[in-house]
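Inspection log for the structure reproduced underneath, given as structure tokens.
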Amino acid sequence: MKIRPLAVDGAWEVSPPQHRDARGSFLEWLRVDHLAAATGRTVRFRQGNLSTSGQGVVRGLHFADVPPGQAKYVCCVRGRIWDVVVDLRVGSPTFGRWESVVLDDVDRRAVFLAEGLGHGFCALSEEAVVSYLCSTTYQPEREHAVHPLDPRLGVAWPVADPILSDRDRAAPGLDDLLARGRLPDHDACRRLDAESALPTPGVPAG
């Protein structure tokens, strides 16, 4: 399993090896031990979600209050999506930066993103089925969105006329959220990282 960091700090692309024979294929789509070794932290997933989207649908950009935040592990089990991670952590050296990864049912890549990052995707295939694990359960009062077409972010969505939900269409822009103090704080996110960091060998926990 290859795990590489993305340009947005706190996000990684996961590429699992696939084993194929006459019957089909097999892969380990998640290895918590490998993920922990690559990221230096442990994550306990609390909820699994599945969404279906038609071609041209854009979902996001969504994020959660920190604390507790919500880390995500995202893969596309059918079809093809253009997955986007955005750094929304005020004070982060990569604040406002975004990066995209194509996830599909051929290469079976996944994306892991830490708390405080924004996430969204665009369905490239006629239908896309996306599965994602979350580190916290859904708490609507702590869930927020930034407008996916905000020119301040400049996400280059690969669709001329994206199909948005009413919620995403009405979402505020980055500068508005920043002025209202609604974005995650980078230092708070770093504290979460420290709390979930792997223990140093030979050093007692606590």
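The values are calculated or read from the model by the stated rules, or taken from the named source; none is laboratory data. As the structure is a prediction and not an experimental result, all values here were calculated from the model. Glycine gets a Cβ as well: all are built from the backbone with ideal geometry, and neighbour counts include every protein chain shown. Surface accessibility is based on the protein's heavy atoms, side chains included, excluding ligands, DNA and RNA. Shrake-Rupley method; radii C 1.70, N 1.55, O 1.52, S 1.80 Å.
Checking each residue of the range 91-111 against the condition of being in contact with a Gly (Cβ under 7 Å, 6 or more places away or on another chain), open to solvent by less than 50 Å² (accessible area, probe 1.4 Å), of a type in the set (Val, Ile, Thr) and over 22 Å from His34 (Cβ atoms) gives no match.
This table checks each residue for (1) in contact (Cβ under 8 Å) with a residue 12 or more places away in the chain; (2) surrounded by 15 or more Cβ atoms within 10 Å (Cβ to Cβ); (3) touching a Ser or Thr at 6+ places or on another chain (Cβ under 9 Å).
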{"position": "Ala11", "(1), (2), (3)": "yes, yes, no"}
{"position": "Gln18", "(1), (2), (3)": "yes, no, yes"}
{"position": "Ala36", "(1), (2), (3)": "yes, yes, yes"}
{"position": "Asp65", "(1), (2), (3)": "yes, yes, no"}
{"position": "Arg89", "(1), (2), (3)": "yes, yes, no"}
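When Ile81 is tested against (1) more than 27 Å from His186 (Cβ to Cβ); (2) assigned to a strand (DSSP E or B); (3) open to solvent by 10 Å² or more (accessible area, probe 1.4 Å); (4) hydrophobic (A, V, I, L, M, F, W, C), exactly one condition is not met: (3).
Considering the conditions (1) at pLDDT 95 or above; (2) in a loop (DSSP other than H, G, I, E, B); (3) closer than 20 Å to Val111 by Cα; (4) open to solvent by 20 Å² or more (accessible area, probe 1.4 Å), Leu133 is excluded by exactly one of them, (2).
For the structure I just gave you, tell me whether Val146 is buried (at least 18 other Cβ atoms within 10 Å of the Cβ), modelled with pLDDT of 95 or more, under 30 Å from Arg20 (Cβ atoms) and under 17 Å from the mean Cα position of the chain (by Cα). Criteria not met by Val146.
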